[in-house]
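Visitor: To start, I am sharing the structure in question, which I have written as structure tokens.
The values are calculated or read from the model by the stated rules, or taken from the named source; none is laboratory data. Everything numeric here is computed off the predicted structure, so don't read it as measured data. Using ideal geometry, Cβ is built from the backbone for each residue, glycine included, and neighbour counts are taken over all protein chains shown. With ligands, DNA and RNA removed, areas are computed over all heavy atoms of the protein, side chains included. Shrake-Rupley method; radii C 1.70, N 1.55, O 1.52, S 1.80 Å.
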Amino acid sequence: MTDSNADTGIKQLLEAGVHFGHQTRRWDPAMRRYIHGERDGIHIIDLLQTEELLIKARDFCADVAGRGGKILFVGTKKQARDTIEEWAEKTGMPSVSRRWLGGLLTNFQTISKRIKRLHELTELESNGQLALLPTKERMAREAELRKLEFNLGGVRDMQRPPDAIFVIDLNAEEIAVNEATRLGIPIVALVDTNCNPRPVEYVIPGNDDAIRSCELIVSTLGEAILTSATAFQQAEEARRKREEEERKKREEEQRKKREEEEARKAAEAAAKAEAETAAKQEAAGGEPAKAEAPTKPKPKAEEPAKPAKAEAAPEPAKAEAESAPEEAPAPAEQPEASAEEATDEAADEPAASGASEGGDK
């Protein structure tokens, strides 16, 4: 409950003349429980019940608007027309203030086509394309536009049947009440003593013929609807903003993951390429060695003596030096041979000396 709505009490209802009913001879017996008494042949409505039921109706409308629902304002009588249009525009709710088009609720599929046509003609007029048409066709289109605007101007933005309807004067809006009852749409209504309140879920007993009375009831409900609808729109805007931020955050995380994955794949591909290049280089370096191995002269390897002889011819000293290490093994026999050679040399020396002496002689 808002502070502006809390001010609507018995005093305001009395000042607006909400308590005045119809003549006693034009009453509906179903309204007996809402009638306080009679004065000068006019029924007096019990404002205590009106105040209580007005609060319930206001809370219901606020709850519907707070959930994002649509409430259709219906009031085609002169006393309520201007107020209905004003508050419907303020709250952003659809309204019917000129004429109730039969089937507006029960045949909404067909009505939606006419609403679409209304948008098309309005767009043509705003773009200045109607003025370019031939005179006869232009006049026909303009007449069609005026007719659609008169009948459907208040519901041009209604994309689906409403969640509830608010009606002023049930007798004047009997078709609307019947259609809403058939579809099970809740009805909030300002009910006078000459109306049948049975089809209405939220009855507001009061005078529906006075302009001030209609203004007070409509403004009370309209303020509640406006407050709840504004709060809902703000909540939706915050939710959309939050979802947008979360979406951007998820996209940023996914982008980072993709970049990391791409970087990892690129690193793996680079490492693989380096490994392949190294393997190719190793394979390329081993192939010449394998190719050079058969070119070596096998006969030289099998006959090592031939190159030694070839080298011994020009270098006999070198050949003797190389052959000397080969005769080195037999160290044990070398002393005996040297001793025998010494005795032989000692025996040969006297013989040689004697021969030389005999020759001299």
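Visitor: I'd like to know if region 54-66 contains one or more residues that are open to solvent by 80 Å² or more (accessible area, probe 1.4 Å), outside any helix (DSSP H, G or I) and either within 22 Å of Cys214 (Cα to Cα) or touching a residue at least 40 places away in the same chain (Cβ under 8 Å) (or both).
Guide: no
Visitor: While we're here: Can you spot a residue in region 230-241 that is open to solvent by 50 Å² or more (accessible area, probe 1.4 Å), hydroxyl-bearing (Ser, Thr, Tyr), free of Cβ contacts under 8 Å to residues at least 24 places away in the same chain and under 30 Å from Ser95 (Cα atoms)?
Guide: Yes, some residue in region 230-241 is open to solvent by 50 Å² or more (accessible area, probe 1.4 Å), hydroxyl-bearing (Ser, Thr, Tyr), free of Cβ contacts under 8 Å to residues at least 24 places away in the same chain and under 30 Å from Ser95 (Cα atoms).
Visitor: From Glu246, Glu251, Glu259, Glu282, which residue is open to solvent by less than 100 Å² (accessible area, probe 1.4 Å), acidic (Asp, Glu) and over 30 Å from Gly68 (Cβ atoms)?
Guide: Glu259
Visitor: Which one of these is in contact (Cβ under 8 Å) with a residue 60 or more places away in the chain and surrounded by fewer than 18 Cβ atoms within 10 Å (Cβ to Cβ): Asp169, Asp157?
Guide: Asp157
Visitor: Where residues in region 193-203 are part of a loop (DSSP other than H, G, I, E, B) and touching a Phe, Trp or Tyr at 6+ places or on another chain (Cβ under 9 Å), which of them is most open to solvent (accessible area, probe 1.4 Å)?
Guide: Glu201
Visitor: Please work out if Lys290 is part of a helix (DSSP H, G or I), surrounded by 10 or more Cβ atoms within 10 Å (Cβ to Cβ) and either of a type outside the set (Asp, Glu) or modelled with pLDDT of 50 or more (or both).
Guide: no
Visitor: Can I ask one more? Among what's in region 71-117 and is polar (S, T, N, Q) and in contact (Cβ under 8 Å) with a residue 60 or more places away in the chain, pick the residue that is surrounded by the fewest Cβ atoms within 10 Å (Cβ to Cβ).
Guide: My answer is Thr106.
Visitor: Taking the condition within 30 Å of Phe108 (Cβ to Cβ) and either in contact with an Asp or Glu (Cβ under 8 Å, 6 or more places away or on another chain) or not acidic (Asp, Glu) (or both), does Thr91 pass?
Guide: yes
Visitor: Which one is least open to solvent (accessible area, probe 1.4 Å), of the residues in region 36-53 that are among the hydrophobic types (A, V, I, L, M, F, W, C) and more than 24 Å from Pro186 (Cα to Cα)?
Guide: In this case the residue turns out to be Ile44.
Visitor: Hey, another quick one. Among the residues of region 120-176, how many are polar (S, T, N, Q) and either part of a loop (DSSP other than H, G, I, E, B) or within 17 Å of Leu72 (Cα to Cα) (or both)?
Guide: Result for region 120-176: 5.
Visitor: Cβ-Cβ distance below 6 Å, separation of 6 or more or different chains: which pairs start in region 25-41 with a residue that is among the small types (Gly, Ala, Ser) and end on one that is surrounded by 13 or more Cβ atoms within 10 Å (Cβ to Cβ) and in a loop (DSSP other than H, G, I, E, B)?
Guide: Ala30/Asn196; Ala30/Pro197
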